[in-house]
Amino acid sequence: MKKPLLQSVLVLLLAFVAGSAVAQVGTRAYAPENLRTLSVQDQTRVISLEYSEQSRGRRIPDDQLRFYLDQVNRSNWTFSQIKQDIAQSLGGNNGGWNPDPPPVSGQTFLCESKSGDAKRCTPPWRGPSRLVRQLSNSRCIENTTWNSQDGLITVWKGCRGEFAAATSSSTGTIRCESTDGRGRTCRTPWSGHSRLTRQLSSAGCVEGRSWQSQQGQVYVGNGCRAEFAARDGGWSGGNSGYSVTCNSEDNRRRSCAYDARQGRPILLQQVSNTSCREGYNWGYAGNQVWVDRGCRGRFGPR
């Protein structure tokens with residue numbers, strides 16, 4: 001009786017271990033190749049899990065996670081591409097991603113998307129970058145075929161160009177141009193809001209219609225091309241301190257009560273990854289601010 005009982009116990013134990021292993025493998029491998037079929041929350045979860053498993057429990061850096069989410073939803077990266085890139089990022093001598101090099105001034109840096117795929121480049125300076133010279137037949141348009149973050153340049157769709165460090169002087173200007181009437185968002189080397197200093201286009205540049213500023217960004221559209229500088233005296237988020245937070249959940253339209261006596265609302269702070277553009281996915285009417293298509297932000301008077 002003892003031998004059959006022992007065999008039964010072993011069979012049950014092996015079944016339990018095998019079941020646990022299958023469950024672990026299933027958890028580890030669960031993710032469709034097309035990550036765009038998942039919500040952003042689930043994309044974040046599976047990418048973070050994959051990085052944790054490959055790095056033996058380390059947390060994925062925020063900028064690397066943002067890069068992957070961007071490539072999934074903008075360049076249709078598959079889960080296999082994400083896994084491969086994670087493996088490459090962890091295979092370097094420093095075991096990390098986006099190393100922080102010493103700053104170098106007065107030089108340019110080449111970054112190329114040769115096969116049309118997204119290419120991530122680390123320039124020898126800290127901070128944002130600017131396009132100096134386009135080398136490809138494919139157009140290099142900021143936030144359409146290239147963008148920059150602190151110490152990182154990303155190009156895609158065949159863009160090949162030379163880049164330089166963006167000026168860090170808050171008293172300088174930047175140029176932001178809407179070519180072919182298309183909207184464009186430009187990063188600024190200052191953290192606050194911006195003002196228009198010189199219009200370059202024949203099309204009118206009217207704040208709130210063809211251009212607007214957010215913290216660290218300028219958006220232009222409808223053919224507006226202009227130079228911008230940091231708003232004089234900095235930006236304190238309005239004199240009254242009054243603000244309203246309004247969120248478009250699940251890309252649905254929502255209206256939030258706003259005290260019109262405080263003055264015309266502007267976007268004080270964008271909370272969502274989705275760009276908030278006045279007249280497109282946010283606006284105001286009477287005593288209400290409305291948001292739509294994933295825009296989440298904090299609104300208040302100038």
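Pairs of alpha carbons in the stretch 252-300 separated by more than 12 Å make up 56% of all such pairs.
The distance between label points at Val132 and Gln149 comes to 2.4 nm (points 7 Å beyond Cα on the Cα→Cβ vector). Against the criterion of solvent-accessible heavy-atom surface with a 1.4 angstrom probe, Asp85, Asp250, Asp70 sort, most first, into Asp250, Asp70, Asp85. Taking all protein chains as shown and a probe of 1.4 angstrom, Tyr284 keeps an accessible surface of around 90 Å².
Could you calculate the FRET efficiency of Cys256 with Asn34 from 1/(1 + (r/R0)^6), where r is the beta carbon distance between them and R0 is 51 Å, rounded to 0.05?
Here the calculated transfer efficiency is 0.90.
The values are calculated or read from the model by the stated rules, or taken from the named source; none is laboratory data. Just so it is clear, the model here is predicted, and its values are computed rather than measured. Every residue, glycine as well, gets a Cβ built from its backbone with ideal geometry; the counts of neighbours run over all protein chains shown. To get the accessible areas, we keep the full protein, side chains included, count just its heavy atoms, and leave off ligands, DNA and RNA. Shrake-Rupley method; radii C 1.70, N 1.55, O 1.52, S 1.80 Å.
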